Amino acid sequence: MPRGTRDARATITNRPSPCPRGSTAAFWCSAASLWIAARGLCRPPGSLPPRASGPTGRSSPMWWTEGALLPGLDFERTGRWLLAAWIASVALFVGVPSIDLWISAAFWRSGTGFPLGNRELWDLLRNLLWDIEIVVFVIALVACLRSLARRRPVLGMPARAWAYIWSVFLIAPVLMANGVLKAYSGRARPAQIVEFGGDSLFTRAGEITDQCQRNCSFVSGEVSSAVALSVTLWLASVMWRGLEGWQRSYIRVVAVLIPVFVTLQRISAGRHFASDAVFGALLTLTAAWALYALFSGQRPWRRGGEGRS
């Protein structure tokens, strides 16, 4: 098959579709999540921290600093786990690049390519998550500005929390993943390489090559964005004080399952290698860890990593 035809077919496969079947399940899943969030946000009057008043009786900016710090984090321990994950991933996927081929081969069938990529329900959920991530990115900016203007939390979180969420989305998925790596890595997608019926060459993760001109395989922007959404959900589960225990657990389980589903969908559809997903996730987690030091009000360079500003 000519390459132009194959590329066109890959483009059509990757294009969002209405996906009518399975919409009911996706609707009720989203409705359940929104209901739980609403239950946590509907707190009785007076549950929000009051504005602090200065000597003149005017509101002071305590809501941004001491009165609205983000939850504490052990930066040293988290940093060690991230470093270990980076070292293990580089050793695995760069040291033994054939692992990417083995994993993708498990989803490839001769004559049909990657059949799991044609499942409408999976495409529906993937597109739904993509839309939710865009909405959260916009809401974070609006909520941050509104919180600054009102001098009080918006939707249960202060301005610095919304600024943190917006920055994670902007720096990791938008700028680093899609703006730089996917634009200049040149790595062909699994469905485009010779081993799976294409005519491009396989290259290992992190290698700059010329097998792809734009929107390339390394790294997965959707996995990077999914992890950013998971970070948002996890932070919300900690900061929304009106949540019951089972509601926090539900939100955290969803936060873990979202990147797992997106990773499986992208690999099974032949759109990404496993290393694209892993490094996309690590990219966002590392950015989230570094940005947390800036927005949380902690000073990780102090001994123990738990100093407050």
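Rule-based calculations on the coordinates, nothing more; no lab input. All of these numbers come straight from a predicted model, not from anything done at the bench. Here the Cβ positions follow ideal geometry from the backbone for every residue, glycine too, while neighbour counts run over all protein chains shown.
Summary of computed values
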item	result
In the range 261-295, the chymotrypsin sites (Phe, Trp or Tyr not before Pro) that fall in loop regions by DSSP, at most 12 other Cβ within 10 Å	none
J(HN,Hα) series, the range 196-207, from Karplus relation 6.51 cos²θ - 1.76 cosθ + 1.60, nearest Hz, glycine and proline x	10, x, x, 10, 9, 8, 6, 10, 6, 5, x, 8
Charge dipole magnitude, Cβ of K and R +1, D and E -1 - the range 72-300, Cα centre, debye nearest 20	880 debye
Fully extended contour minus Cα-Cα distance, from N118 to L264, at 0.36 nm per residue	51.2 nm
Over the range 72-300, equivalent-ellipsoid semi-axes from the Cα gyration tensor in Å	34, 19, 16
Hz values of 3J(HN,Hα) by residue in the range 272-280 - Karplus curve (6.51, -1.76, 1.60), Gly and Pro given as x	8, 7, 4, 5, 4, 6, 5, 6, x
S200 long-range amide H proximity, modeled H, under 5 Å	I193, V194
